[in-house]
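Engineer: Here it is, the structure in full.
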Amino acid sequence: MGFELIPISPGILKQRAVSEVLQCNRYSSQYGLSLTQVQALELVQTRDDMLKAFGRIEFGTGILDSIIKEFCDSPYLSMQNYEQTLHDLVEIFYYYKNDTIGLMSDDELLKYMKNSYDNTCRGSLEMLSGSELHQLARNLRFGLSIDYSENGKLESGYEDYE
Amino acid sequence: MSDSLQRSSKIDISTLNGSNYFSSLLEQAYIKGLVSDFEIERMQNECLMLLADKATMHNSGDSSSILEEEASEFMASIMFTIGVWLKAFQNPDDALGALMEPLKSIYQKGQTKVSELVISAKQIHEKLLLDLLETNNVHYRSTFIDEISEFFDIYDQSFFAHEIHDCTEYPLFNPIGDLAGIEYIQAYMQAAYLENSFCLLFSPDDIHTLMASHDKGYGQLLTNIFGPVLSTAVGCLIAGTNMEKLELSKQAIEYLQTKIARMEGSQVFETVNKAILELSTRFGFNDELFGYIKACAFVLTEQIILWSTGAGNSVFVETVGKSETPTLFFNAGEKMDSVEYTKLVDEISNIDSTMEKLNLINTKVHSLGDLQDVLIDGWLTSEEIHLALSNLGMLEIAALTKKWLNEDFSDLSDSEMLFVESLHSLVFHLPEEQQNAIKLAGEAIGEEWQ
């Protein structure tokens, strides 16, 4: 018997997370977006997979609820792409949570992602991940201003980010 | 019969791990059926709650997740702290009984105990520094002056209570085993203090001669000093030679070899113990020092028996070269604090005139350590470095030469290389007589200023 760091009753924790995701439907439905029980379960599974893949451990309610609430009013989301976009955003979030080496809080990173997704990237997740967040992480690591760009100009459009 | 002393424990204390006390106690209790699955699960849950609190505290509530490595370190710290409190119970059964209390409360008591250990270790460290043995061994001084001080600066009992931060480079005669974190450091400091106290009973010069007889380059070696001093003192008493001066002649060593070769192991142990008792009587050891040295008797006996059969290292060494090379304890002066230093370097690098730069250096720099740093960090030309070095006395040049001209040049930065080239050029252009004097002085200067 090893007294190790193991989550207790993972089934119960997962059920609680699914329930929290489903509760977000109340908020997102005003934008015509919602998830089914199965979709919520799959999203929780993606979060668990990503936590494992990026070597992180989550406490409390986790990040799904915040991602949904932050993004559901985006003009680039519809029922056609809602579920897949959430899966992708979860992956992008954890990737850049590690890549920004803890220099941004969850809220700051999510707000930056949302702002970029809606403005500069115009709904393109490839651009968000491959360009905007890549540049943000590099700037943070090098101690530069977060909106510093390689051509020496400061990017605009991050007024909402504090 | 005293209950607290004699009551046997269901858990065999020898199966418990000193550095992972809490988990090993639970493991043994589980194996013996003394805790239920339900209790184990409760404690795991409570540990996870403590971990969640730590994670939140660590990231100020800014992040819902932490890296696994961080979580693992925090958990190790929590379990170490709980273990420190549980060790307060002499009987493991009582410690197990205490675990019926919520872990949060036990953890808080452990934190108080850890704080007490930090204070105790700091006090021992301060006492040690008040009277640290003068020795050329760089590791002795760097460990006790720099590394241990740094440990207290960075030790974080909230998140990394189990860490020792690799600050105990200098090896003790009896290595500390099976402890972690501040428990390890406190035990290490206590042992180091006692070893240092014993060495202070002898003259630093005699210890230098003894250590140099073991190995001329002992100043750079990661080697224990107390061991040779103790074994030589014991050897002197057995051989009837001058113990106070730590002198063993070739004849005395031959005598020891013959005498010990004729003894049984138990007789050697008895002889060593008798010598230790005599040492204690002559020097008036206090209980702590006597206890520590008595505890070394077994290891020392083993070493002596191995030596007498030709299988072990040289426990007894002929003391040679007494005062062959006089050692100069070079005082490089006290360095300025880092803020003042940074300001000075900024000032120097913003001045154009060479004379102004040199005047500023002459006025503000009062130690050789600072001077060498300024000449390296101050963006000076080779001519300016050369001029600054020209103002130094022969002993200072010798000290710098000893330090820098034996360096592996491939490890040097560009600015260090410029400094070394200027120093080399300065020495090279001196008359041969002065070059020889610098060389001799360099050999006599101890390593400690470096």
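Here, each number is a calculation from the coordinates, and none is a lab measurement. Just so it is clear, the structure is predicted and the values come from calculations on it, not from any experiment. All Cβ positions, glycine included, derive from the backbone under ideal geometry; neighbour counts span all protein chains shown.
Engineer: Here are some pairs, B:LYS10/B:LYS274; A:LYS97/B:LYS87; B:LYS216/B:LYS294; B:LYS127/B:LYS245; A:LYS114/B:LYS104; which of them have Cα atoms lying more than 32 Å apart in this structure?
Structural biologist: B:LYS10/B:LYS274; A:LYS97/B:LYS87; A:LYS114/B:LYS104
Engineer: Given points 7 Å out from each Cα along the Cα-Cβ axis, report the A:GLU126 to B:GLU41 separation in nanometres with one decimal.
Structural biologist: Simple spin-label model gives 4.9 nm for this pair.
Engineer: D for chain B, whole µm²/s, Stokes-Einstein with Kirkwood Rh over alpha-carbon pairs at 20 °C and 1.002 mPa s: what number?
Structural biologist: 81 µm²/s
Engineer: Further question on the same structure: Looking at the range B:115-308, I'd like the Rg to Rh ratio, where Rg is from alpha-carbon atoms and Rh is Kirkwood's inverse mean 1/r.
Structural biologist: Ratio of gyration radius to Kirkwood radius for the range B:115-308: 1.00.
Engineer: Among B:SER197, B:SER72, B:GLN123, pick out the residue whose Cα is farthest towards the positive end of the charge dipole of chain B, where Lys and Arg carry +1 and Asp and Glu carry -1 on C-beta, about the Cα centre.
Structural biologist: B:SER197
Engineer: What are the lysines whose alpha-carbon lies under 27 Å from the alpha-carbon of B:LYS364, with same-chain residues fewer than 8 places away excluded?
Structural biologist: B:LYS335, B:LYS343, B:LYS402, B:LYS403
Engineer: Dipole of chain B, Cα-centred, from +1 at each Lys and Arg C-beta and -1 at each Asp and Glu C-beta, to the nearest 20 debye?
Structural biologist: Taking the Cα centre of chain B as origin, the dipole is about 1980 debye.
Engineer: About the Cα centre of the range B:338-444, what is the dipole size in debye to 20, counting +1 per Lys and Arg Cβ and -1 per Asp and Glu Cβ, all else neutral?
Structural biologist: Using Cβ point charges on Lys, Arg, Asp and Glu, the range B:338-444 gives about 320 debye.
Engineer: Something else now. Considering the options B:SER149, B:THR301, B:PHE173, tell which one lies farthest towards the positive end of the dipole of chain B, charges being +1 on Lys and Arg and -1 on Asp and Glu at the Cβ, about the Cα centre.
Structural biologist: B:THR301
Engineer: Hey, got the average number of other protein chain Cβ atoms within 10 angstrom for residues in B:29-40?
Structural biologist: Average neighbour count from other chains, rounded to a whole number: 1.
Engineer: To continue, here is another question. Give the calculated FRET efficiency between A:HIS134 and B:LYS335 to the nearest 0.05, with a Förster radius of 35 Å applied to their Cβ-Cβ distance.
Structural biologist: Approximately 0.20, to the nearest 0.05.
Engineer: Using a Förster distance of 41 Å, how high is the FRET efficiency between B:MET394 and B:LYS127, based on the Cβ-Cβ distance and rounded to 0.05?
Structural biologist: The pair B:MET394/B:LYS127 has a calculated efficiency of 0.60.
Engineer: Right, another one. Is there a quick way to get the dipole size of the range A:56-148? I mean about its Cα centre, with the Cβ of Lys and Arg at +1 and of Asp and Glu at -1; what is the value in debye to the nearest 20?
Structural biologist: For this selection, approximately 240 debye.
Engineer: Between Rg and the Kirkwood Rh of the range B:338-444, both from Cα atoms, what is the Rg to Rh ratio?
Structural biologist: 0.96
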